[in-house]
Amino acid sequence: MGVVGDIRDESYNAQVRPIFYRPCGELRLEGLPPFLVVRTAGDPRRLIPAIRAVLKDTEPAMRMPEITLCEQQLYDSTVAQRTYMLFLTVFAAVALLLASLGIYSVLAYSVTRRTREIGIRMALGASRGRVLGQLMKQGLRLVGIGAVLGLLAAFWLTRFLQHQLFEVAPTDPLVFAGAIVALFLVASLACLLPALRATRINPMNALKYE
C-alpha cells in the first residue's frame, strides 16, 4: 500500500475528489477495452514504433491500438479555455490601445486649448520642467481615477471568469498589480508625448495664438 498525491483525472479545472487504487486482479474488467500507460525518460514519440513491435510480437492477431501522448491529451482538453482566453487577451489589448489613444487625445486637446496659457506661464518665467510636470500630473490624475474605477469593476466582474481559471484566484493581487503597472506605463507614455510638445511652445508665438 502507499499514498499518492491528489489528481484531477478529467480536466485541469476538475474538483479534486477522494480516490483510491485497487489491484487490477480485483476488478471486473469484462467488456472494457484494455489499456497500458507507459512512462518514459526521454521523448515518448521515439518509443511508439518499439511499443507497436512488442505488441505485435506478443499478440499477432491483435488489432493495433491507438497510441496517444498524455501531454497531447491534456493540451487538447484545454482547447476551449485557451481559445476563450486568447479572445480575451486580444480584446484586452485592443481596450488598452483605445484607452491609450483616448488619454493621448484628451491631453493633446487640453494642451492645444491651453497654448496661450502655457505661453504666458513660460513668458513669466515658468520652466519647461514645471510645465511638463504640471501636464503629466493632470494626465496621470485622470489615469488614477480611471484605475480606481476599473479595479472596482474588475473585482465584481472577475467572478464570471472563475470557471476559466486554474489554480489562480479571481482576485489575485499580483495579476491586478501587473495590470495597473502596465496601464500606468502606457498611460505615462501617452501623457508624455503631448506634454513634451507643450514644453517646446515658443512663448511669443503662444501669445499670438487664438
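The values are calculated or read from the model by the stated rules, or taken from the named source; none is laboratory data. The model shown is predicted, which means the values in this text are computed figures rather than measured ones. Please note: Cβ atoms are built from the backbone with ideal geometry, for glycine as well, and neighbour counts cover all protein chains shown. Accessible surface areas use protein heavy atoms only, side chains included; no ligands, DNA or RNA. Shrake-Rupley method; radii C 1.70, N 1.55, O 1.52, S 1.80 Å.
Considering only region 64-76, I want to know if a residue exists there that is more than 29 Å from residue 181 (Cα to Cα), out of contact with any helix residue (DSSP H, G or I) (no Cβ under 8 Å at 6 or more places or on another chain) and assigned to a loop (DSSP other than H, G, I, E, B).
yes
Identify, from the list 89, 40, the residue that is within 38 Å of the chain's Cα centre (by Cα) and assigned to a helix (DSSP H, G or I).
89
Between a first residue in region 38-51 that is in contact (Cβ under 8 Å) with a residue 24 or more places away in the chain and a second residue that is surrounded by 10 or more Cβ atoms within 10 Å (Cβ to Cβ), which pairs have beta carbons less than 8 Å apart while being 6 or more apart in sequence or on different chains?
Cβ pairs passing all conditions: 44/38; 44/69; 45/69.
Pairs under 8 Å by beta carbon, first residue open to solvent by less than 30 Å² (accessible area, probe 1.4 Å) in region 117-134, partner assigned to a helix (DSSP H, G or I) and of a type in the set (S, T, N, Q), six or more apart or different chains?
Taking only residues 6 or more apart or on different chains, the pairs are 119/205; 131/199.
If the Cβ limit is 6 Å and pairs must be 6+ apart or interchain, which residue in region 169-191 that is over 17 Å from residue 159 (Cα atoms) pairs with which residue that is β-branched (Val, Ile, Thr)?
187/103; 187/143; 190/103
I'm checking my understanding of the structure. Among residues of region 28-59 that are under 22 Å from residue 6 (Cα atoms) and aliphatic (A, V, I, L, M), which one is most open to solvent (accessible area, probe 1.4 Å)?
That would be 36.
For region 160-210, enumerate the residues that are modelled with pLDDT of 75 or more, assigned to a loop (DSSP other than H, G, I, E, B) and of a type in the set (Val, Ile, Thr).
Answer for region 160-210, where residues must be modelled with pLDDT of 75 or more, assigned to a loop (DSSP other than H, G, I, E, B) and of a type in the set (Val, Ile, Thr): just 171.
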